[in-house]
Structure formats: C-alpha cells, structure tokens
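Only the coordinates and a few stated rules stand behind these numbers; no lab work does. Keep in mind the model is a prediction, meaning the values are calculated, not measured. Methodologically, a virtual Cβ is constructed for each residue, glycine included, from the backbone with ideal geometry; neighbour enumeration extends over all protein chains shown.
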Amino acid sequence: MSRLIITIGRQYGSGGKEIGKKLAKRLAIPFYGKEELMKLYPLRKKTLTKPKPIAKLYSLEPKDCYTIGEITEKFLVNESTVYLHIRKYSIPTRQIGNFVYVPKKEIDNLYKGVKR
C-alpha cells in the first residue's frame, strides 16, 4: 500500500493553503492543514521553569591565563607537549594576536607535580 503525501512550503499570505485544498480536492486525497494536524498530534506543553545557567568554570581573560611561552618556562615543558596536553584534555584556549592564552587554573592543576 503506497501513500501519497504532498507538502507545500510557502510564505505567509501567498495562498498556499488554498492551493493545497484545491490540489487535494482534484487528486481526491485528504487535506491536512496546521489546525488539523495540531488536533491530531498536539505539541507537548513547554516547561514553565527556566533552565539553570551553566556556571563559568574559568576565565579566558589574559590576566587569568598563561601564554604558551609562560607555561614552557614555568613548568619546563616543551611547547609541542603543551599543545598535545591542551588537545588531549580539551583545555580551552584563546588567541589574541600572536599569543595563545590558557586558563591558569587548568594548567596549574595539570602540571601540579612538575618541578620548576
């Protein structure tokens, strides 16, 4: 059993609903507009409570971040190793000009046992 389904995309005021009704009549198929579909398949009610905002875990402002060069000097780690760890642990970065900034909190936590 095959079903014929025709959808008509339209803009408001273009007469698409009337065209759809005439086409359905000519093809002898039922017509379902927005109102009929809403009666058959009502939408779920929206929740009244607003979603809780996600707490900001870190700041990417330069004053709260290390540059990659500062990390390599402070923790005696190769630059490529720093970038590898940033990707591996999904640490956010921010580039301003030629400098890449990484949150101090994340880096201090990552390299807390490294000698300086």
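Taking the charge dipole of the stretch 21-94 about its Cα centre, with +1 at Lys and Arg Cβ atoms and -1 at Asp and Glu Cβ atoms, the residue from Phe31, Leu60, Asn78 reaching farthest to the positive side is Phe31.
Calculate the FRET efficiency for Ile8 and Thr49 from the Cβ-Cβ distance with a Förster distance of 35 Å, rounded to the nearest 0.05. For R0 = 35 Å, the calculated efficiency reads 0.40. Here is how the number arises for the chain: DSSP H runs of 4 or more residues each give -39500 (n - 2.57), the sum is divided by the residue count, and the result at 222 nm is -10500 deg cm²/dmol.
Too long at a 31 Å Cα-Cα cut-off: which of Lys25/Lys45; Lys52/Lys105; Lys52/Lys104; Lys45/Lys105; Lys52/Lys74?
Working: Lys25/Lys45 34 Å; Lys52/Lys105 24 Å; Lys52/Lys104 26 Å; Lys45/Lys105 42 Å; Lys52/Lys74 38 Å.
Where the Cα-Cα span goes over 31 Å, the pairs concerned are Lys25/Lys45; Lys45/Lys105; Lys52/Lys74.
Phi angles of the stretch 89-101 translate, via the Karplus equation with coefficients 6.51, -1.76, 1.60 and θ = phi - 60°, into HN-Hα couplings of 9, 6, 7, x, 10, 9, 9, 10, x, 8, 9, 10, 9 Hz per residue; Gly and Pro are given as x. Taking 7 Å along the Cα-to-C-beta vector as the label spot, tell me the Glu18-Glu73 distance in nanometres, rounded to one decimal. A separation of 7.6 nm, rounded to one decimal place.
If you plug the beta carbon distance of Asn98 and Leu60 into 1/(1 + (r/R0)^6) with R0 = 22 Å, you get a FRET efficiency near 0.85. Which of the lysines could be linked to Lys22 by a straight reach, that is with a Cα gap under 26 Å, when you skip same-chain ones fewer than 8 residues away? Answer for Lys22, where 26 Å is the Cα cut-off: Lys34, Lys39, listed by chain and number. Using a cutoff of 8 angstrom between alpha carbon atoms and counting only pairs six or more residues apart, the relative contact order for the chain works out to 21 percent. Where the alpha-carbon atoms of the chain are placed on the principal axes, they occupy 82, 35, 32 Å, in descending order.
Its Cα centre serving as origin, the stretch 1-113 has a Cβ charge dipole (Lys and Arg +1, Asp and Glu -1) of approximately 1200 debye.
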